[in-house]
Amino acid sequence: MGRACIIIEDNLIERDALALQIKKLGQLELMASFADGLEALSYLRNHPIEIVFSDIDMPDLSGIELLKSLKQPPVFIFISAHTEHAAESYNLDVMDFIVKPVKLERLIKSVDRALDFLNQKEQLLSSTSKTDAVQQEAEMDFFFIKENNTHIKINVEDVLYIESMGDFSKIMVKDNKSHMVLISLKNLEKQLSPSKFMRVHKQFMVNLEQIVSISNTDLKLSNQQQIPVSTVHKQLLMDQFINKRTLSRFKE
C-alpha cells in the first residue's frame, strides 16, 4: 500500500483527471476526493492522511484557509492556475506548488519530493528514539570532551550549537569560544540529550534553549548567530519543541 492521500478540487473534470494520474503512479493510495475545503476538513480531522493535493480557489473554504485551520497538517501540494498564490503558499511550508494544467512528469517530481520528505521524517523520528538507560544519561547538565590529552568539562547551558566538520565536530560555546572534537555529528547526536539538543540541518545541531526565533529557512540563537534549518528538520523541531511551547489564543 502507498501513502494515503486525498484530492480537493471543485472542478469535476480536473478532479477526475488528477485522480487518474495519481493512480497511474502506483505510489499513493487515493482515499477520497472532495469538491470543497469544508468537506475535506471534516475528513482530515478523522482520518490519517499523509498527502493532500488541493486547489486554492474554492467556495466556502480555500485551500490556504484549510491548511491554516489544521493544527498538524499533512503534506500539502497546492495545484492552481493562479501563480500569485505561490509566494503565500511557500510561506506556509507547502511542499510544492503545481501550476495547472497538471502534467504527469511535473506531478511525478512533486510526489517524489513529498515521499522523500515523509521517509526522511520517519528516519529522523526513529533516530531520536532512545532506550531508558540513554534517556537517564541524557539529562546530564554537563559533559566532558578530550582536548590535547586533557578532559575538558563543558556545561550544557553554555553550548550554542555544534557544526559538522566531517569526522570532526566544532562545539561552539558562549563568549565566542569553540572546541574541536574527533567525533562526528551523527555520533554526538546519539550521545547528547534529545531534550536539550536537536539536529536542524545535515551540518548543524543546536541547543534548544538558545533558540530565540525561527523562520522558514533558518533560526537565530541567543548570540545572534543564524543557523540554517532544513525542511524536514524544521517540521520535527516545530512538532517536538516550538509548538508545544507556543501560547495560543484559545486553550482547549
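The values are calculated or read from the model by the stated rules, or taken from the named source; none is laboratory data. Bear in mind the structure is a predicted one, so any value in this text is a computation, not a measurement. Cβ placement follows ideal geometry from the backbone for every residue including glycine, while neighbour counts extend to all protein chains displayed.
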For the range 168-183, pairs from a residue that is within 13 Å of N155 (Cα to Cα) and touching a residue at least 40 places away in the same chain (Cβ under 8 Å) to a residue that is surrounded by fewer than 18 Cβ atoms within 10 Å (Cβ to Cβ) and of a type in the set (S, T, N, Q), with Cβ under 9 Å and 6 or more apart or across chains, are M172/S178; M172/N223; M172/Q225; K174/S222; K174/N223
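So is E163 at negative phi, outside any strand (DSSP E or B), charged (D, E, K, R) and modelled with pLDDT of 90 or more or not? It would help to see each step written out before you state the result.
On the way: at negative phi: yes; outside any strand (DSSP E or B): no; charged (D, E, K, R): yes; modelled with pLDDT of 90 or more: yes.
When the stated conditions are applied, E163 does not pass them.
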Worksheet item: Is it fair to say L70 is more than 23 Å from the chain's Cα centre (by Cα), under 28 Å from M238 (Cβ atoms) and free of Cβ contacts under 8 Å to residues at least 40 places away in the same chain?
Response: no
Within the range 219-252, the count of residues that are outside any strand (DSSP E or B) and either hydrophobic (A, V, I, L, M, F, W, C) or surrounded by 14 or more Cβ atoms within 10 Å (Cβ to Cβ) (or both) comes to 17
Scanning the range 205-218 for residues that are touching a Leu at 6+ places or on another chain (Cβ under 8 Å) and either outside the structural domain of V159 (by TED's automatic domain parsing) or assigned to a strand (DSSP E or B) (or both) gives M205, V206, N207, I211, V212, S213, I214
Is it the case that some residue within the range 31-43 is farther than 21 Å from D16 by Cβ, in contact with a strand residue (DSSP E or B) (Cβ under 8 Å, 6 or more places away or on another chain), surrounded by 17 or more Cβ atoms within 10 Å (Cβ to Cβ) and modelled with pLDDT of 90 or more? no
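Just give me the residues in the range 113-132 being part of a helix (DSSP H, G or I) and either surrounded by 13 or more Cβ atoms within 10 Å (Cβ to Cβ) or at pLDDT below 75 (or both), in sequence order. Step through it out loud before you land on a result.
Going through the range 113-132, the residues part of a helix (DSSP H, G or I) turn out to be 113-127, 132.
Once the filter is applied, which keeps residues that are part of a helix (DSSP H, G or I) and either surrounded by 13 or more Cβ atoms within 10 Å (Cβ to Cβ) or at pLDDT below 75 (or both), the range 113-132 yields R113, A114, L115, F117, L118, Q120, K121, L124, L125, S126, S127, D132.
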Of the residues in the range 53-82 that are part of a helix (DSSP H, G or I) and in contact with a strand residue (DSSP E or B) (Cβ under 6 Å, 6 or more places away or on another chain), the one that is surrounded by the fewest Cβ atoms within 10 Å (Cβ to Cβ) is L67
